[in-house]
Every structure is written in C-alpha cells, then in structure tokens.
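The block underneath contains the structure these notes are about, expressed in structure tokens.
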Amino acid sequence: MNTKQVKAFGTEAADANLEKLNIQRREITPNDVEIDIEYCGVCHSDLHFARNDWGFSVYPVVPGHEIVGTVVGVGANVSKYKIGDSVAVGCLVDSCRSCANCKVDLEQYCPEWVGTYGGHDKHLDMQTFGGYSESIVVDEHFVLSLPANLDKAAIAPVLCAGITTWSPLRHWKVGKDTKVAVVGLGGLGHMAIKLADALGAEVTLISRSPDKTQDAMNLGADRVVISTDESQMNAVQGYFDLIIDTVPYIHDINPYVGTLSTNGTLVLVGYLGPLDPMLNSMPMIMGRKTVAGSLIGGIAETQELLDFCGEHGITSEIEMIKIQDINEAYERMLKSDVHYRFVIDMSSLKK
Ligand code: NAP
Ligand code: ZN
Ligand code: ZN
C-alpha cells in the first residue's frame, strides 16, 4: 500500500525525550478520512506509553489521542464527512466490528480494538501513530463530529479525559442527588467534576493538594476532601454512591472504599496493575460495595458526550503549548502541575 510521509513528534526509547521525526501514513482507502490535525490534548497515558510504564510500548512511539482537526480528504465510500468538516479522533481507530462488544457500541472492549497509538494498523502491518503529528488517516466509523459552538482547542480533551469519566458516570446512572467523589484533580478529574455537576450530582473532590480547592469549587465541586487529613476522610465514611479514582500510580484504595455507601462503587480509571496494599474485602462484604474498572468509551457514547458538551457549553480548562514544550509538560504532569489539561497547538510542528 502507498504511504505518505508526515512530520510528527515522538520517541525512539522509554528513556529518551520526544523529538521531531517522520512517520508514514497510509493513503486513504475507500472508508477513510484524512484529517489535518490542529490541536492535540496531552493525556497522562501519553506519558505512560512514551516511557513504557505498562511494559507493552512499541517504538517509535508517537502519542496523542485527543485529536481535533479538519477533513482534507475522503475515500469513495465515505458518507458521514466531507472536505472542510471539523472533526475529532479519540483513543480508538479500529475494532473487529462484529464481536459481542462491537455490536453494542462497546468497541473499547473488543479483543481486537486498535488504539490510536501503539495499536496495530492492519493496512500497514505496523504500529499506529497518534496525534502529535501533522495529519492522520482514520476509518470514518472512528471519526467524530464536533459541536460548532465550542472552542476547537478546548474540546480536544473531551476525546479522552471527558469520555473516560463520562462512561462510568452514565453506566452507574449518575443523576440528580447522586453523591459522586472524584479522586485526583488533573485532566480526567477536572472533566469528571464538570460532567458529574452537569448531570445534577453532588460532587466532592478528594485530593492531596489543598491549593486546588478553589479551582475545584469553580469547576463545579460542592466540597473538597484532603485525602491526607484523617478527620476529613472520617467525615465522609459511608457517604458516596460512586467514586471515580483517576490516580495514575499505585496507591492505597482501601481508605476510599471506606467512604462508599452501601451498594456504592469505586471505579478505577487511572492506575493499571496489581494493587498494593491489597484490597480488603471486609468493608466490601459488610456493605455490598463494589470495586470496578472502566476503559474510555465507545464511539457512539463519545459522540453522545460531544453533543452533550455542545448543548451544555462544556469544554476543558486548557493550557496551550507548542509541540517543542512537550518534554517539559510531561515533567509538570509528573508533579501534578497541570491546570487542567495541556493542549498542543499543532501548527507549531510546521515550524
Ligand atoms: P493527570 O492530569 O496527571 O492527573 C492525575 C491526578 O492524580 C493529579 O493531578 C493528582 O491530583 C493525582 N495524583 C497524581 N499522582 C498521585 C499519587 N501518586 N497519589 C495520589 N494522587 C496522585 O493525569 P490524567 O491525564 O488525568 O490521567 C490519570 C490516569 O488515568 C493516568 O494513569 C492515565 O493513564 C489514566 N487514563 C485511563 C483511561 C482509561 O480509559 N481508564 C483513559 C485516560 C487516562 P491531586 O493533586 O488532586 O491529588
Ligand atoms: Zn488518554
Ligand atoms: Zn469487536
């Protein structure tokens, strides 16, 4: 298959900085849309993958799965999009389309789902490359329509930070009067607060960072609990219906389980791996509590969220950076110094 060389930013090794490199994109097939990338959000997963934190990265890695841009080419069978449309791509670029999960719009749980980066491009028989690049070619099924009324840069984080928190909020039927807690105020956490608030829930942020209190309240939280303060944690024992835990690294989740009400659920979306210290089943059994996990969201659900954001005027709080600032942005992310999502102005790659 013919390919086209495209400028990108990525890394050749787990311990190397990201720098300029060239990648190959496939030529558009009949079902493909070619997108000129204008903005790309920076997810903590980009950092995990660039540095091989999960142990399955394939190099070179070009991260980026919060992609916003304009259609510049369409294949012969494409019916949903035309040249000039404002569109987006999130964390998924392909799946089998026929398994039990795909049939019910849960492509993210398809055994053959293809991630936007580090997945397997069946056309080129090599790894996929993400949005820290000039352009991308994606099957139209995995391309999303953007609401026209929202800032194009500030909507980018909805494609991962937004959908990853929206999906559990919807699955666990959060609505008016649901008591929701969000653990960690970063990219995912700040979208979780906004979305849970927009669904009518009572929202609490549980954070290690007292200096983020006012921001959390401005984002829509009703209360902030500092996780290192025992008396504050004791005050919310048995309280929450749903907790969304966005902490990226290993941590003790037992104190959070204690804050769940009877029938309450703690959903892990951040840390991937075995827990340490171990999970104590006692409070779970004594209170019919659940510890669960959740992965991004399907394409239909992501479109539902984009439309919801359009109707409610919801976008992300962003700090715009140039692609040349990405390594420094990763270091700030490791210090939890993100307010509250970096978004790359991809025009900087052309310089
Ligand atoms: P982020 O912007 O860096 O935010 C993470 C927040 O967690 C920090 O701001 C901090 O908040 C808190 N935190 C960080 N390190 C901590 C530690 N060691 N102990 C306790 N709290 C800590 O990251 P993000 O982009 O929101 O991503 C969060 C995690 O979700 C990452 O691991 C990412 O890979 C994962 N993720 C999962 C999915 C999925 O589908 N499940 C999708 C996207 C991302 P405070 O300062 O408030 O404590
Ligand atoms: Zn992400
Ligand atoms: Zn499938």
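The values are calculated or read from the model by the stated rules, or taken from the named source; none is laboratory data. As the structure is a computational prediction, the values presented were derived from the model and not from experiment. Note that we place each Cβ from the backbone using ideal geometry, even for glycine, and neighbour counts take in every protein chain shown.
Residues of the stretch 63-99 that are assigned to a loop (DSSP other than H, G, I, E, B), more than 14 Å from ligand 2 (Cβ to nearest atom) and crowded, with 24+ Cβ neighbours inside 10 Å: 95 alone. Checking the structure you have, find out if any residue of the stretch 173-183 is assigned to a helix (DSSP H, G or I), in contact (Cβ under 8 Å) with a residue 40 or more places away in the chain and among the basic types (Lys, Arg). No: zero hits. Has the stretch 252-268 got at least one residue that is in a helix (DSSP H, G or I), in contact (Cβ under 8 Å) with a residue 12 or more places away in the chain, touching a His at 6+ places or on another chain (Cβ under 6 Å) and away from ligand 3 (no atom under 16 Å from the Cβ)? Looking for residues that are in a helix (DSSP H, G or I), in contact (Cβ under 8 Å) with a residue 12 or more places away in the chain, touching a His at 6+ places or on another chain (Cβ under 6 Å) and away from ligand 3 (no atom under 16 Å from the Cβ), one finds none in the stretch 252-268, hence no. For the stretch 234-241, the criterion of a residue being of a type in the set (D, E, K, R) and in contact with a helix residue (DSSP H, G or I) (Cβ under 9 Å, 6 or more places away or on another chain) is satisfied by no position. Out of the residues in the stretch 249-273 meeting the condition of being of a type in the set (A, V, I, L, M) and surrounded by fewer than 17 Cβ atoms within 10 Å (Cβ to Cβ), tell me which one is nearest to the chain's Cα centre (by Cα). That would be 272. Counting the residues of the stretch 104-133 that are part of a loop (DSSP other than H, G, I, E, B) and away from ligand 2 (no atom under 16 Å from the Cβ) gives 10. The condition of being within 9 Å of ligand 1 (Cβ to nearest atom), surrounded by 24 or more Cβ atoms within 10 Å (Cβ to Cβ) and at pLDDT 95 or above holds for only one of 246, 204, that being 246. For the stretch 272-289, the count of residues that are assigned to a strand (DSSP E or B) and within 16 Å of ligand 1 (Cβ to nearest atom) is zero.
Residues being over 30 Å from residue 19 (Cα atoms) and within 16 Å of ligand 1 (Cβ to nearest atom) are entirely absent from the stretch 113-125. Looking only at the stretch 18-34, residues that are out of contact with any Phe, Trp or Tyr (no Cβ under 9 Å at 6 or more places or on another chain) and either free of Cβ contacts under 8 Å to residues at least 12 places away in the same chain or not basic (Lys, Arg) (or both) come to 8 in all.
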